[in-house]
Amino acid sequence: MSKRAASKPASQADPSTSRGAGAEIHQTTRDGYDALTTQQGTPVADDQNTLRQGARGPALIEDSHFREKIFHFDHERVPERVVHARGYGAHGFFETYESLANLTRADLFQRAGEKTPVFVRFSTVAGNKGSFDLARDVRGFAVKFYTKEGNWDLVGNNIPVFFIQDAIKFPDLVHAVKEEPDRGFPQAQSAHDNFWDFVSLMPESMHMIMWIMSDRAIPRSFRFMEGFGVHTFRLVDARGRATFVKFHWKPKLGLQSVLWNEAVKINGADPDFHRRDLWNAVQSGDFPEWELRLQTFDQAFADGFDFDILDATKIVPEEIVPPKPVGRMVLNRMPENFFSETEQVAFMTQNIVPGIDFTDDPLLQGRNFSYLDTQLKRLGGPNFTHLPINAPKCPVHLFQQDGHMAFQNPKGRANYEPNSWGPKIGGPRESPEHGFTTFAEEAMGSKARLRPESFADHYSQARLFYVSQTKVEQKHIADALTFELSKCEAPAIRERVVAHLLNVDQGLAESVAGGLGLSKLPQAAPAAVATRTDLAPSDALSILKRGPSHFKGRKLGVLMTDGLDTRLLSALEAAAKKEGAVVERVAPAVGGVKANDGSVLPAHHKVDGAPSVLFDAVAVLAGEEGSSALASLPPARDFVTDAYAHYKFIGFTPQAAPLLAKVGLTPEHLDEGFLELGGKEDAEALIAACRKLRFWDRTNGA
Ligand code: HDE
């Protein structure tokens, strides 16, 4: 183009045809699109070129469309959450099984079958917004119930205890775990000196450390993890009688985690593994579901515990107080816009409804102070409840007004109370019969900064958690501790942590000390209260002891080659479908493979981009034609090697033998986790075997 010629954008309509036409013409383009407008609604004629003085001249300040567009772009970001920055949400409903009127007056629990809309946001804690999903971390599990009597936010985690007992230590904990301030790394991981330095000086964190070093901290996906309200709350009935309650979410699909070696690789192969999983499940109609269960007990019962129910580093074992199912939550709709909903949602622990109340847990009390503050900072003003995701779905009547971005100011003349304008225009009034009333707890004592004696036992429940695990799970905890502490540069920090582990379990401490290459065991850390070794192990604390007996909701990765038997693939897909599982096809090229009947079978993934860590089980459906080429393909070799190392079930056709042999899996090495596939029955047998999820009997896995 000549330097002097002005470019005429394709979208620029001929002014003679559009001028003077009716309003509808301004709202749509000639080819049927909505007309692009400015924020003020003015139709835009040219969105390709800034307004200039001559084709090659300077930009003009009167270009308000450009100014508005860039101004808005420059302000697209709001501060990310200080913690739980990386999250993913979904809409759904909560359905009450039966009336709980005997326990609480909370409206959502009054009627069997009542459905309450919810929005849930899952998150990691330590990483920034752009970090990867499979960080070793506690997961946030925050639920906003839009009840008929206001929003109730149950802002929980997938681990039922916390690192600290008093909210005043939260900034220290978070500073310690996040990137070190001088260097700005490591990101989204606790494997560094500052975190373990803090932990080693805070014995109250030991119980949480057991959980966070367990496989709970690397869940297979949000759909396979539990949720907990963590603190003890209160339910209050219509007569004002209170019962203590702990909230539990149980995933219908069962619990499942990945191995650390898988987590590391998933983060590279698909950093969005968890969000993609939730998106795919909901979009395909496989709606994830959790059951809400309540542990309830009264003061007299609580007095019988040897720990304090106000201490968030303690659990009430499920064997002592079995959680009672009271309803189910189904997530059935993804947000239409990630920012508007998942980013702008503002959870606050202080959002409770009549019939639910707090306890004096010092962590909860501190949280109730913090969340409002954080929303003001993040969302920029006091009117964030006007955003659709935060707005209650019940009537809201109040005298609060104005402020940034107010778009629901109260109507009418009365904006104060008392007034004498009468019910029609005088605005709302308080309702003592129905309104929220705080449980009338007696409180006494002098003002002081004190930690109660009843919070002093830091090791007994850490030990309880450890001894309740299977051998495989115990090894994972020891390996995780060894890995994390090996990343600490200061030997004194490693030793201090081992000194605490000696109060948890001698074998665990020895194993970690051995893994770290400590020349001798340190002295056990001084303990305010001796560790109880007589607590009955709790199977509910183990993932593997309660593994699912189905493969539903899981994913089989099928590596295909040219010449594969289409009937076998169909049989495998049918068996998986019957089970409620998903099959994804992987091939040397994403265009697919040519099957033995001449048909072309498209693939979901090229093998380089779909390592076996993305699947719960795999099958290698090689055919004659593709067999030897597959064996010489490095990512195909990794596909099998990893599946083997990760204890996965592996289906294979005889033509896969060259690939298996290439990675040392000659026939004498194939254990019962390998299933040869010939026909329909074998396909069904593979899916049936996969119900165990992993073949733990394999002796030399990762
Ligand atoms: Fe939070 N926490 N927290 N927290 N928390 C936040 O609020 C805080 C704690 C939890 O998906 C912040 O909106 C303090 C325990 C979840 O949007 C902030 C203390 C548990 C989410 C905050 C805790 C949680 C948050 C940051 C110590 C499990 C994400 C952004 C007393 C029961 C919610 C925000 C979402 C978020 C403060 C401890 C769960 C700064 C002071 C214990 C799931 O307000």
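Brief remarks on what is shown
- Neighbour net charge for Ala112 - beta-carbon separation under 10 angstrom, K R +1, D E -1: -2
- Under 5 Å, built H, 5+ apart or other chain: amide partners of Arg139: Asn158, Ile159
- Between the residues Ser486, Ser123, Phe399, the greatest Cα displacement towards the positive end of the dipole of the chain, with unit charges on the Cβ of Lys, Arg, Asp and Glu, is found for Phe399.
- Placing unit charges on the Cβ atoms of the charged side chains and taking the dipole of the chain about its Cα centre, the candidate lying farthest along the positive direction among Leu201, Leu686, Pro410 is Pro410.
- Accessible surface ranking for Glu684, Glu180, Glu442, 1.4 angstrom probe, highest first: Glu442, Glu684, Glu180.
- Calculated from backbone phi, Karplus (6.51, -1.76, 1.60) coupling profile of region 110-124 in Hz, x at Gly/Pro: 8, 10, 4, x, 4, 10, 10, x, 9, 10, 10, 10, 9, 7, 9
- Stretching Val82 away from Ala59 to a fully extended chain increases their span by 4.3 nm, per 0.36 nm per residue minus the current alpha-carbon distance.
- Listed residue (Phe639, Asn383, Val155) projecting farthest to the positive dipole end of the chain, Cβ model: Asn383
- Bridge type composition, the chain - antiparallel percent by DSSP, nearest 5: 75
- Whether region 208-333 is rounded, prolate or oblate, judged on the alpha carbon gyration tensor where a/c under 1.5 counts as rounded: oblate
- About the Cα centre, charge dipole magnitude for the chain (Lys/Arg +1, Asp/Glu -1 at Cβ), debye: 1220
- Put simply, when 580-588, 41-49 are sorted by average Cβ atoms within 10 angstrom per residue, most first, you get 580-588, 41-49.
- Using a simple spin-label model with pseudo-atoms 7 Å out from Cα toward Cβ, Asp608 and Glu68 lie 4.6 nm apart.
- Packing around the peptides 412-419, 351-358, taken as the average count of other Cβ atoms within 10 Å per residue, puts them in this order, highest first: 351-358, 412-419.
- Measuring r between the beta carbons of Leu521 and Ala490 and using R0 = 25 Å, the FRET efficiency lands at 0.85.
- Spin-label model distance (nm) - Ser570 vs Phe439, 7 Å beyond Cα toward Cβ: 6.1
- Sequence ranges 609-622, 550-563, ranked by mean other-Cβ count within 10 angstrom, highest first: 609-622, 550-563
- Prolate/oblate/rounded label for region 550-681 (Cα gyration tensor, a/c 1.5): rounded
- FRET efficiency, His75 to Arg333 (Cβ-Cβ, R0 30 Å, nearest 0.05): 0.55
- Multiplying the residue separation of Ile320 and Thr38 by 0.36 nm and removing their Cα-Cα distance gives an extension gain of 95.3 nm.
- In plain terms, the chain from Arg52 to Ala629 could stretch by 201.8 nm, reckoned as 0.36 nm per residue minus the Cα-Cα distance.
- Placing a pseudo-label 7 Å from each Cα along the Cα-to-Cβ vector at Ala456 and His404 gives an inter-label distance of 4.8 nm.
- The chain shape via C-alpha gyration tensor axes, a/c threshold 1.5: oblate
- Each residue of region 44-60 is assigned a 3J(HN,Hα), and the resulting list reads 9, 8, 9, 10, 10, 10, 6, 6, 10, 8, x, 4, 10, x, x, 6, 9 Hz, derived from the Karplus form 6.51 cos²θ - 1.76 cosθ + 1.60 (θ = phi - 60°), x at Gly and Pro.
- Here region 258-333 is assigned +1 on the Cβ of each Lys and Arg and -1 on the Cβ of each Asp and Glu. Its dipole about the Cα centre then comes out at about 440 debye.
- Note on Lys552/Asp272: beta-carbon distance plugged into 1/(1 + (r/R0)^6) with R0 of 22 Å gives a FRET efficiency of 0.45.
- Within region 589-702, percent of DSSP bridges classed antiparallel, to nearest 5: 25
- Integer Hz, Karplus 6.51/-1.76/1.60 couplings in order for region 169-179, x for Gly and Pro: 8, 4, x, 5, 4, 5, 4, 5, 7, 6, 3
The values are calculated or read from the model by the stated rules, or taken from the named source; none is laboratory data. Not measured: the values here are computed from a predicted model. Please note: Cβ atoms are built from the backbone with ideal geometry, for glycine as well, and neighbour counts cover all protein chains shown. Please note that ligands, DNA and RNA were not included when accessible areas were found on the heavy atoms of the full protein model with its side chains. Shrake-Rupley method; radii C 1.70, N 1.55, O 1.52, S 1.80 Å.
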